[in-house]
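Let me begin by presenting the structure, written as structure tokens, before commenting on it.
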Amino acid sequence: MLCAPHERHRATMTLITTTTSEKAWSPDVSVFAPTDVVPDALILQTAFIGGEIDGDEPSLRVAFVDDADSAAYVDEGQEIPEDDPTLDEVVVQTKKISRLVKVSSEQHRKPGTADQLAQSVARDLVAKADRSYLSDTDPVGLLNAQGVVDGGAVTGSLDALIDLVAELESNGANPSAIVLDPLGWAEFRKLKVAADHNQSLLGAGTTDAQQLILSLPVLKSRFVPAYSGLVVDRNAIAAAVGPVRVASSEHALFSSDAVQIRATWRIGWKPVRADRLGKFTIGDAGSS
């Protein structure tokens, strides 16, 4: 039986798929939960994760009810007056953090190289995320966010910090942690029980002080600006966090006999109630 020319052509065509094409057309991609790969990132420890966003244009819209403080006593049998709730939202935009590294095929095959590269990339993602989350201007970091309470300088005693936490609690906050840089934590550890005493306010010199201040856990990060700190209520910060995606290709640099490794992580954040977050500086170094 004879076939028409177009039918013979169709019969000999091969379907191109990711399993039959070269790897350069379908590189391997690994996806990891951020809590497994970058668990130390401050955004994971100090914000509530509202969802995941993929792309620069889509946004995470977090709805909340603005407390009206309008509850009232009503006499027995009397009609309860109606009250319209104030419905509000914050819009969280995300940005993608990325890292691309290149190593020779020979180096990539050396024992331990892949693990060391993975750890290095993870540290770099955390560093960029923490810097942005705290002190960037685009996107706006928490220390630069409008409405965050400024507690001033904590010098000589914890009084200024006590006042700041009390003000945040008066605004409805339930503080969950204090974020400090290592130099700022050192300043707190130098505080003495009295001017003429050598005993540390936060612990004896022979046994290191437990990382607690005012019963709040202290999170240290070298990416916090020096001699500064932040009191956070994780329920007052909305965040969008995606998975950490890692891809490698031996074909992108085929002519160089090298391997490229790419890591990306998309994150975004925004204070829901900025007046429940407080910033402060530490010691004379922080106030200068």
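Just the residues that are at pLDDT 60 or above, part of a loop (DSSP other than H, G, I, E, B) and more than 20 Å from the chain's Cα centre (by Cα), please, taken from the range 170-207.
Scanning the range 170-207 gives Asn171, Gly172, Leu191, Leu202.
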* Asked: So Leu183 fits all but one of (1) touching an Asp or Glu at 6+ places or on another chain (Cβ under 8 Å); (2) crowded, with 16+ Cβ neighbours inside 10 Å; (3) within 16 Å of Ala226 (Cα to Cα); (4) not hydroxyl-bearing (Ser, Thr, Tyr); what number is the exception?
  -> (1)
* **Residue list for the range 131-165, filter: over 18 Å from Ile282 (Cβ atoms) and of a type in the set (A, V, I, L, M, F, W, C)** => Val140, Ala145
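Can you pull out the residues in the range 168-180 that are among the hydroxyl-bearing types (Ser, Thr, Tyr) and either closer than 13 Å to Leu230 by Cα or buried (at least 20 other Cβ atoms within 10 Å of the Cβ) (or both)? Give the derivation first.
Step one: of the range 168-180, the residues among the hydroxyl-bearing types (Ser, Thr, Tyr) are 170, 176.
The one that is among the hydroxyl-bearing types (Ser, Thr, Tyr) and either closer than 13 Å to Leu230 by Cα or buried (at least 20 other Cβ atoms within 10 Å of the Cβ) (or both): Ser176.
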* To do: Answer yes or no as to whether Arg99 is within 27 Å of Phe254 (Cβ to Cβ), modelled with pLDDT of 70 or more and touching a strand residue (DSSP E or B) at 6+ places or on another chain (Cβ under 8 Å).
  => yes
* To do: Return yes when Leu214 is at positive phi and either surrounded by 17 or more Cβ atoms within 10 Å (Cβ to Cβ) or at pLDDT 75 or above (or both) and no when it is not.
  => yes
* Which of the residues that make up the range 137-167 are closer than 20 Å to Gly242 by Cα and surrounded by 14 or more Cβ atoms within 10 Å (Cβ to Cβ)? -> Pro139, Val140, Gly141, Leu142
* Structure fact -> Within the range 246-255, restricting to residues that are in contact (Cβ under 8 Å) with a residue 12 or more places away in the chain and surrounded by fewer than 21 Cβ atoms within 10 Å (Cβ to Cβ), the one that is farthest from the chain's Cα centre (by Cα) is Phe254
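Please determine, by comparing only the residues of the range 53-68 that are part of a loop (DSSP other than H, G, I, E, B) and at pLDDT below 65, which one is farthest from Trp265 (Cα to Cα).
Taking the range 53-68 as the starting set, the residues that turn out to be part of a loop (DSSP other than H, G, I, E, B) are 53-58, 67-68.
Those left that are additionally at pLDDT below 65: 57, 67-68.
On the way: Glu57: 16, Asp67: 34, Ala68: 38 Å.
Across the range 53-68, the extreme among qualifying residues is Ala68.
The values are calculated or read from the model by the stated rules, or taken from the named source; none is laboratory data. Quantities reported herein were computed from a predicted structural model and do not represent experimental measurements. Here the Cβ is made from the backbone with ideal geometry for all residues, glycine too, and neighbour counts use every protein chain on show.
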